[in-house]
Every structure is written in C-alpha cells, then in structure tokens.
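The values are calculated or read from the model by the stated rules, or taken from the named source; none is laboratory data. Just so you know, these numbers come straight off a predicted model, no measurement behind them. Reconstructed Cβ throughout: ideal geometry from the backbone, glycine too, with neighbour counts over all protein chains shown. Accessible surface areas use protein heavy atoms only, side chains included; no ligands, DNA or RNA. Shrake-Rupley method; radii C 1.70, N 1.55, O 1.52, S 1.80 Å.
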Amino acid sequence: MDAVQAANSGHPGAPMGMADIAEVLWNDFLKHNPGNPQWVNRDRFVLSNGHGSMLLYSLLHLSGYPLGIDEIRNFRQLGSRTAGHPEYEPELGIETTTGPLGQGVTNAVGMALAEKMLAARYNQPGLDIINHRTWVFLGDGCLMEGISHEACSLAGTLGLGKLICIYDDNGISIDGEVQGWFRDNTPERFRAYGWQVIEDVDGHDPAAIHEAIEEATANNEQPTLICCKTVIGFGAPNKQGTEATHGAPLGDEEVAAARENLGWSYAPFEVPEAIRGEWDARDAGLLLEQEWRDKLADYRSKHPDLAAELERRLAGELPAGWESDADAVIHAIAASDKALATRKDSQVAINAFVPHLPEMLGGSADLTGSNLTMHDESVAVTPDNAAGNYIYYGVREFAMAAVMNGVSLHGGFIPYGGTFLTFSDYARNALRMAALMKIRCILVFTHDSIGLGEDGPTHQPVEHVASLRIMPNMMVWRPCDGAETAVAWRQAIERRNGPTSLVLSRQTLPRQDRTDDQVNAINRGGYILYGDDEPQAILIATGSEVALAVDAAKELQSQNLRVRVVSMPCVSLFAEQDAGYRDAVLPASVTARVAIEAGVGDGWEKYVGSDGAIIAMEGYGESAPAPDLFDKFGFTIKRITATVKELLAAD
C-alpha cells in the first residue's frame, strides 16, 4: 500500500486481497532458500496476475531475499529492481516476467512439466533429487485470457500433479464487477481439464487456506486449483471490494483509514523487528538446501554419470566435445548433394544433433508431420511416461510457446517447438516474452512463404519474417539449404541469451556449392555465396530465393556482367559483424543492389540503399501451385535480370 502510494502508480488491490493467502503459503509450505535464490530444487512461485507485483516484492523482502527496503521505496522508479510488473531476475527470486495475463500460469505449466520430466529421468529409489512444486497466484484476468484454457487443458492431460494454482476470486476486474462479462463455472471448467478443484475457500481465513493447501499437496496425480474468495483491496474501508483499488493508489486519506482499520500503527515502510524475525526464511532455507545437498552427495557417489549429466544440464552447459561434434555434423550435411525442403533439412539436423544433447525437448502444435520436428529418438511424453523428449502440444500455438518459456526458465532443457510460420501470430506475445527475458527457446516455423502453394493466403506468410526480425533480441534464420539449416540449428542451440526462430520451406530447394570457408562464413549471418570478386551488382537473398538469385547471376554473367550473390540467412547476426567484414561482403562502392525475398520488403532498405531495389511481396498471396505463384508475383530470373540492368543503366 505504501509503495504504490509513494510511486503514485500501481495496483494495491490484488496484493492486499491476497496477502492472507501469501502469508500461509510462504511461511507454512513454500520450499525455498532466500540465501540462494537459484537453488535447483526450490519450489517455483509464479505471480501470474503480475500487476500485483508489490505482493511479490514484499514477500521477497520480508523472507530475506536480496531486495532491500530502498528498492521497495523506489517501486516503479527508473533504475529500481521493483518494476511495475515482475521482470525475470532469478538472483532475486523472480522466476519469470509476468504482466501479459495468462502467460505466468502457462510458464508455470512449463516449469511443472520440466520438474516432472527431470524427476522421471534422474530420480532413483530413495534419492528424489528433483522433487519440488510449482505454485501460481492467478486472477480473473488470467482465466479470461484464452491461453489459460490451452495451457491448463494440457496440464490436466499430462497429470502435472505438483502444479498448484490459487485463484484470487474477487469478482472484480478493471471495468468493474466481472459478472457482466465473465460468468464461467471455473471449478467445473478445471474439473473438465482433469484437475483437482478445491472451491469456496475463505481467502482471509488462514486456517481454511492452510487446510486447502494441505489437501492440494496430498494429490500428486492431478494439478490443483484452489478457489479462494477474497476482497480486492482488503482493509481499505471505503474502497475495498471495488475496481477503485485495482490500478490506482488508494490516496493518503484511504491509506490512513486502512491503517486504522487493520490496526497497523507503524510508519510507511517500517516493519517491526519481531515481525521481520518471524518472516525471515534464510535459516530454514539453508537447512532445506543442505539436506538436499547431502542427498545429492549420496546420489553422486551411487550414480556418478547421471549426476554429472543432470548437473551439466541444469547449469545450461553443452556437453564436452560439443564443438567438434557440431563441426562434424555441419560439414557432413554440407557435403550432401541431396535437394530437400529446409523443413526436411531441419529434421536431418535435429537427428544429427540430438544424440549429443539429451536436453533437447521437442514438440509441435499438432503439425508434427508437417514441421518435421520429430526425430528418430523421439519419445512422446504422456501422463504415465514423463521420461520422454517430445510434447504433442495439440492445436495450442500460444500455450506451446509460453510453456517452452517455462521449461527454459526451469532449466535442464533446450526446448524447441514447431508450427506454420503464419501461426506465429498466435504465439507472438510469448515470443516477445522469451526475447525480453533473454531465454533459450527455439521456434521452428515451417511453410515460410507463398511457396507453400495451394493452401492460399490464409496460410501463406507475407509479413511474418519482417515482423519477427524487428523484435528486439529475436534471432531469425531463413536458410536456403541443408548447410545453412544445420548452422542455424547450431547457433540456436548455442545461444543462451535469447530465442531463435528458424524459418523453413515446405518446398524442395536445391543445394548450393560451397567451400569450407563459405560453410564457416554462414556463422556470420551473411556471406558471399557466388560470383565476382569485383562485382558491378549484388543480389541479396534468403531462403528459397537464394537459388533464384544464383540462377539470375549466372544469366547476367553470360551477358558479361559481374554479379555477386550474398546469402543472408540471419540479417541480425550479419548486422553484428564488424564493419570491415560487412563492407567486404557488401562494398559501399557497389550501389546496384537487389534484395529478393518472398515476403514484404520492409527492412531491406538498410542493405540496398536508396539506389537499390527490392523484389518482394506487396500484398497477400493466392491459392495456386508454388511455381505459378512465384511467376505471378515476379520472383523470376527475367525480373531480376531486368532490375539489375535498370540499376546499372541508371549509374
């Protein structure tokens, strides 16, 4: 209440309404160590209703996490670690970035899934090295967002019994009483998903809350939803129970009235030492972790190979010998002369890399046979077999992406998941959260252009590659053949500071000839694939248009014109290269440049300049065979050669 008032900004209602629940959970049940916020076997706590961030910050501060009172005083201020909505800071105990409603609970599904899978793989009789719960606070907003349906349905199907969600059922959202727009029978909805539901719990009765949580923890076969009836802004006598407490400070008079009503006589930000002592969880947390470490030492002595692999995975490190193994995979794939669709090249790369990486966790949103995300060693994860390595996500693109975020945040896995590129729109906000949190997730987006053909414009992505490229910290690869696809996979696997989108073709693409130096140059995002050392013109292309650019260059060379082809599978990675390299690939003296990509042309101005040209889509596609579409929309040798000649003539 005081922090929101000091900031003159924030949401006091949910923190005040859920404070009683939080006190019981954090002091009686939560397994954590504030002295080591990243202890591997800690319980995960996710505040899915992230606007209630001051509740989380208060809990972290009081429990002994490294979040001082000055940070609480500086709530929502520039440079503070107490942002308006929680932002991922594992060293503070903030497990994920929440705010976009529904994504926190979906991240939690991923965390609970990761826990169950690691436990199935590594726990041994009498040595449950991985054994923790995932706790979620959520509200009406999370339940109204469609992603919660996607994720909670999957959680019930997979039997994530260590996932416990506590619903802040206060009946209020920003616009007022939710009965006007949200009358779902939430308990029956979750029972239909296969959850245990504990309803009609008084969220301001500690004994009732304690009893409900005990009941939840007794069931490890089903996820649990505890429905707590609460009063938003509890304790503020003139505003509690109304939307007035949701997203604005209470005001000095109401804060004073709340203090009197609650019997709290202390000054703002003052916590009596006796109360601090009761809340401080560092000693108890240290004991919990030490008990676990003693068990881990026993585990190491009895199962050294498993222990070493588990600890490596949880540290996010790749196996010893990875670099040489990856080099061998890439050069073997590059040596092949077999023409494949890059989605098939992707499957070849997955098959080659996975034997070296047990942490790879694949999946697809009901498009396994189209995305080709399954490999020879794929084993489906089921309620009864959590030791698999492949998730059938069903038609749940948004949940898939956000669950993958949760899996990545938990640790121990490198998650990847597939869908059609056009459906990246459904997943987009989860992709943004992955980029914002700088976590390793791999998105496999196939059917990348009008080249998918007859399914027509609803399935033909046009603006999607450009829109992904402008997302900060999202690495986007659009490879032209097997060599580039294998390098893209390696880069995605090795990248630890953000997500990667692999944009792949449905149609077969020809192989390109390369020297070993050119294969290595793929790692720089853009490189000289073909043509003259001193070009008059440069063609820049990605994906399926690279082969077209090479054919056009050959035609122009037959007419005594010097042309270079630059393949640029990863524009952002090329932009990170030093200026000398970029100028060697794209000499400033060569202004006759043509970018060719079967999507919108936005962004290519940076590389073709004001004197260049862009051959791209200017609208949506049509339903027809791919060759007819490429011809109709001008992705032809004839148009490219004519464009180059026009640019040279203009010089």
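Six or more apart or on different chains, Cβ atoms under 9 Å: show the pairs whose first residue is in the range 455-472 and closer than 18 Å to Gly543 by Cα and whose second is modelled with pLDDT of 95 or more and among the basic types (Lys, Arg).
Pairs that qualify, where the first residue is closer than 18 Å to Gly543 by Cα and the partner is modelled with pLDDT of 95 or more and among the basic types (Lys, Arg), are Val465/Arg478; Ser467/Arg428; Leu468/Arg428.
Which condition breaks for Ala256 when tested against (1) in contact (Cβ under 8 Å) with a residue 24 or more places away in the chain; (2) surrounded by fewer than 17 Cβ atoms within 10 Å (Cβ to Cβ)?
The number of the failed condition is (1).
Could you go through the range 224-233 and let me know if any residue there is open to solvent by less than 40 Å² (accessible area, probe 1.4 Å), of a type in the set (S, T, N, Q) and within 32 Å of the chain's Cα centre (by Cα).
yes
Out of the range 106-125, which residues are more than 16 Å from Pro415 (Cβ to Cβ) and touching an Asp or Glu at 6+ places or on another chain (Cβ under 9 Å)?
Ala119, Tyr122
Where in the range 39-151 are there helices (runs of 4 or more DSSP H), lying fully within it, with 2 or more residues that are more than 21 Å from Ala315 (Cα to Cα) and within 24 Å of the chain's Cα centre (by Cα)?
Ranges flagged: 53-63, 103-122, 140-144.
Enumerate the pairs (first residue in the range 1-29 and among the acidic types (Asp, Glu); second residue anywhere and surrounded by fewer than 24 Cβ atoms within 10 Å (Cβ to Cβ) and not in a helix (DSSP H, G or I)) with beta-carbon separation below 7 Å, excluding pairs fewer than 6 apart on the same chain, so at least 6 apart or on different chains.
Once the first residue is among the acidic types (Asp, Glu) and sits in the range 1-29, its partners that are surrounded by fewer than 24 Cβ atoms within 10 Å (Cβ to Cβ) and not in a helix (DSSP H, G or I) give Asp2/Pro268; Asp2/Phe269; Asp20/His204.
Looking only at the range 292-314, which residues are in contact with an Asp or Glu (Cβ under 6 Å, 6 or more places away or on another chain) and closer than 17 Å to Pro125 by Cβ?
Within the range 292-314, none qualify.
Yes or no: Leu118 open to solvent by less than 10 Å² (accessible area, probe 1.4 Å), out of contact with any strand residue (DSSP E or B) (no Cβ under 7 Å at 6 or more places or on another chain) and farther than 16 Å from Ala434 by Cβ?
In short, yes.
Conditions: (1) of a type outside the set (A, V, I, L, M, F, W, C); (2) in contact (Cβ under 8 Å) with a residue 12 or more places away in the chain; (3) in a helix (DSSP H, G or I). Glu211 meets all but one. Number of the miss?
The failed condition is (2).
I'm trying to understand the selection: among the residues of the range 177-208, which are in a loop (DSSP other than H, G, I, E, B), open to solvent by less than 70 Å² (accessible area, probe 1.4 Å) and farther than 15 Å from Ile21 by Cβ?
Listed by number, the residues that qualify are Phe182, Gly194, Trp195.
Touching a residue at least 40 places away in the same chain (Cβ under 8 Å), touching a strand residue (DSSP E or B) at 6+ places or on another chain (Cβ under 8 Å) and open to solvent by 60 Å² or more (accessible area, probe 1.4 Å): does that describe Gln240?
No.
Take the range 440-451 and flag every residue that is open to solvent by less than 10 Å² (accessible area, probe 1.4 Å) and closer than 14 Å to Ala492 by Cβ.
Cys441, Ile442, Leu443, Val444, Phe445
Any idea how many residues of the range 489-517 are open to solvent by less than 10 Å² (accessible area, probe 1.4 Å), more than 14 Å from Gly418 (Cβ to Cβ) and part of a helix (DSSP H, G or I)?
1
Could you please find all residues in the range 121-140 being open to solvent by less than 40 Å² (accessible area, probe 1.4 Å) and in contact with a helix residue (DSSP H, G or I) (Cβ under 8 Å, 6 or more places away or on another chain)?
Tyr122, Leu127, Ile129, Ile130, His132, Thr134, Trp135, Val136, Phe137, Leu138, Gly139, Asp140
Residues are listed down the side, and each one gets a yes or a no for (1) more than 24 Å from Ala401 (Cβ to Cβ); (2) free of Cβ contacts under 8 Å to residues at least 60 places away in the same chain; (3) open to solvent by 30 Å² or more (accessible area, probe 1.4 Å); (4) in contact with a strand residue (DSSP E or B) (Cβ under 9 Å, 6 or more places away or on another chain):
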| site | (1), (2), (3), (4) |
| --- | --- |
| Asp327 | yes, yes, yes, no |
| Lys338 | yes, no, yes, no |
| Pro355 | yes, yes, yes, no |
| Glu359 | no, yes, no, yes |
| Met374 | no, yes, yes, yes |
| Val381 | no, no, no, yes |
